[in-house]
Amino acid sequence: QVQLAESGGGFVQAGGSLRLSCAASGSIFRLFRMGWYRQAPGKQRELVAHITSGGITNYADSVKGRFTISRVNANNTVYLQMSSLKPEDTAVYFCNALANLRNYWGQGTQVTVSS
């Protein structure tokens, strides 16, 4: 079993920045990819960004140029640096990990951006 511990959400004004962190722990044999999804009220969960163990990244078009995902393989931690935040970035952000050929989810952290 793999556990994901998220931190770093909060409240920020438009144009501000936040950094999310997610640490994976447990019985990890192979941690292929980690990333972030988000879900706004009344909307489906969507990919924000993910990064493979080899450092290959993928971003949603809506966050390109504003968000940066990074990863420290040694401690199985992924970070999401969010800058130039907009009110439409308001959502619950969920950490995701593809580990041991299974998909794991964190409990989510709220990000609220005021206009």
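The values are calculated or read from the model by the stated rules, or taken from the named source; none is laboratory data. What you see is a predicted model; the values in this text were computed from it and never measured. Using ideal geometry, Cβ is built from the backbone for each residue, glycine included, and neighbour counts are taken over all protein chains shown. Keep in mind that these areas ignore ligands, DNA and RNA; they rest on the heavy atoms of the full protein, side chains included. Shrake-Rupley method; radii C 1.70, N 1.55, O 1.52, S 1.80 Å.
Can you find even one residue in the range 72-90 that is of a type in the set (A, V, I, L, M), part of a loop (DSSP other than H, G, I, E, B), touching a residue at least 24 places away in the same chain (Cβ under 8 Å) and surrounded by 14 or more Cβ atoms within 10 Å (Cβ to Cβ)?
Yes, because at least one residue in the range 72-90 is of a type in the set (A, V, I, L, M), part of a loop (DSSP other than H, G, I, E, B), touching a residue at least 24 places away in the same chain (Cβ under 8 Å) and surrounded by 14 or more Cβ atoms within 10 Å (Cβ to Cβ).
Regarding the range 1-8, can at least one residue be identified that is open to solvent by 20 Å² or more (accessible area, probe 1.4 Å), of a type in the set (Ser, Thr, Tyr), under 13 Å from residue 80 (Cα atoms) and more than 11 Å from the chain's Cα centre (by Cα)? Spell out the reasoning first.
Taking the range 1-8 first, the residues open to solvent by 20 Å² or more (accessible area, probe 1.4 Å) are 1, 3-8.
Of the ones still in play, those that are also of a type in the set (Ser, Thr, Tyr) are 7.
Pick out the ones that are also under 13 Å from residue 80 (Cα atoms) and you get 7.
Filter once more, so that each one left must be more than 11 Å from the chain's Cα centre (by Cα): none.
Taking every residue of the range 1-8 in turn, none turns out to be open to solvent by 20 Å² or more (accessible area, probe 1.4 Å), of a type in the set (Ser, Thr, Tyr), under 13 Å from residue 80 (Cα atoms) and more than 11 Å from the chain's Cα centre (by Cα).
The residue that is farthest from residue 15 (Cα to Cα), counting only those in the range 91-107 that are under 12 Å from the mean Cα position of the chain (by Cα) and open to solvent by 30 Å² or more (accessible area, probe 1.4 Å), is 105.
Exactly one residue among 69, 56, 51 is open to solvent by 70 Å² or more (accessible area, probe 1.4 Å) and among the β-branched types (Val, Ile, Thr), and that residue is 56.
Out of all the residues in the range 13-48, which are touching a residue at least 40 places away in the same chain (Cβ under 8 Å), open to solvent by 30 Å² or more (accessible area, probe 1.4 Å) and among the small types (Gly, Ala, Ser)? Passing the criteria: 14, 15, 17, 23, 25, 27.
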